[in-house]
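Read the structure below first, then the notes.
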């Protein structure tokens, strides 16, 4: 997406840590000691390497991955079909709602896909109506009915 | 002193405090839970027990690192969407969710006639070919449960396809989901 982004050279330790830590850390007092054993390194090296990967933004986050639905509130995935000449304007209109968490351009008739995150189900419906009023386009609202899997694993 | 942990997904005030302290991440130090225990005014054992309870209740999916897709070379993602028969949706949704390259898999409502897809599976890859290959693998799995709609169902003469893949060309907005401080 960002064409200028360079894929950094990763050391074998960095690769091993990225792979192991995407799966998860054991819940114990000294988790990095166990991780070090798994990747054949020592605790201090693991800690400093992970902090570097965070600083370099190779890792965006480290910690508990919460099920967003458990944090309270309501969510839905929604889409709009926007003509090219209005795309920029509609992007601004949609993004101006603080309840829009993510928004992606996708190559389809429905070319704008966004997640609406609110305090309540009622508020979801209000935001959908408000987006329709503001943009003049009708919203495709596809809330999840059943979840089969959530977990990103990108081996390196 | 014992810390009461509820069995449901309801959060106690102390649990909310835990989430507020960690939703931006845990410190990468020798004993991360010691830091957390101190903040919560709990023992380390209690803090570890609370963490385990969150995991058991599905509130925490795992304690893990989130890589930047693009920095790892995963520049391509595709939202594959499928029109599969309702009676097989749960069974086959689970099977698709188990594929190693699928990161999110959900059942969602159709909106006929403009949107006939009910199963969504997100795939990631380092090349366009790679995500095309993943799409084909999902298609092989779903072959027998894909719905082929007659043109009578179609919108303004367009035939509804049984599947598609929507690749993303631009991030327009991305913010984290957060538990709010209040309540």
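The values are calculated or read from the model by the stated rules, or taken from the named source; none is laboratory data. Fair warning: this is a prediction, and the values are worked out from it, not measured in the lab. Positions of Cβ are backbone-derived with ideal geometry, glycine not excepted, and every protein chain shown enters the neighbour counts.
Would you pick out the residues in the range A:66-81 that are surrounded by 18 or more Cβ atoms within 10 Å (Cβ to Cβ) and within 17 Å of residue A:22 (Cα to Cα)?
Selection gives A:66 alone.
Just give me the residues in the range B:57-94 being in contact with a helix residue (DSSP H, G or I) (Cβ under 8 Å, 6 or more places away or on another chain), surrounded by fewer than 16 Cβ atoms within 10 Å (Cβ to Cβ), within 9 Å of chain A (Cβ to nearest Cβ) and touching a residue at least 12 places away in the same chain (Cβ under 8 Å), in sequence order.
Once the filter is applied, which keeps residues that are in contact with a helix residue (DSSP H, G or I) (Cβ under 8 Å, 6 or more places away or on another chain), surrounded by fewer than 16 Cβ atoms within 10 Å (Cβ to Cβ), within 9 Å of chain A (Cβ to nearest Cβ) and touching a residue at least 12 places away in the same chain (Cβ under 8 Å), the range B:57-94 yields only B:58.
Return the residues of the range B:109-136 that are surrounded by 15 or more Cβ atoms within 10 Å (Cβ to Cβ), modelled with pLDDT of 95 or more and closer than 24 Å to residue B:74 by Cβ; say none if nothing qualifies.
B:117, B:119, B:120, B:121, B:122, B:123, B:130, B:131, B:132, B:134, B:135
Quick one: would you say residue B:135 is outside any helix (DSSP H, G or I), away from chain A (no Cβ under 13 Å) and farther than 18 Å from residue A:155 by Cβ?
So residue B:135 does not fit the description; no.
Only one residue in B:102, B:44 is under 27 Å from residue A:50 (Cα atoms), within 7 Å of chain A (Cβ to nearest Cβ) and surrounded by fewer than 18 Cβ atoms within 10 Å (Cβ to Cβ). Which one?
That would be B:44, the only listed residue that is under 27 Å from residue A:50 (Cα atoms), within 7 Å of chain A (Cβ to nearest Cβ) and surrounded by fewer than 18 Cβ atoms within 10 Å (Cβ to Cβ).
Select, from A:131, A:116, the only residue that is more than 8 Å from every other protein chain (Cβ to nearest Cβ), surrounded by 17 or more Cβ atoms within 10 Å (Cβ to Cβ) and within 14 Å of the chain's Cα centre (by Cα).
Within the list A:131, A:116, the selection yields A:116.
Condition first: more than 19 Å from residue B:75 (Cβ to Cβ), more than 8 Å from every other protein chain (Cβ to nearest Cβ) and either modelled with pLDDT of 70 or more or surrounded by 12 or more Cβ atoms within 10 Å (Cβ to Cβ) (or both). Now tell me which residues in the range B:152-175 satisfy that.
Once the filter is applied, which keeps residues that are more than 19 Å from residue B:75 (Cβ to Cβ), more than 8 Å from every other protein chain (Cβ to nearest Cβ) and either modelled with pLDDT of 70 or more or surrounded by 12 or more Cβ atoms within 10 Å (Cβ to Cβ) (or both), the range B:152-175 yields B:153, B:154, B:155, B:159, B:160, B:161, B:162, B:163.
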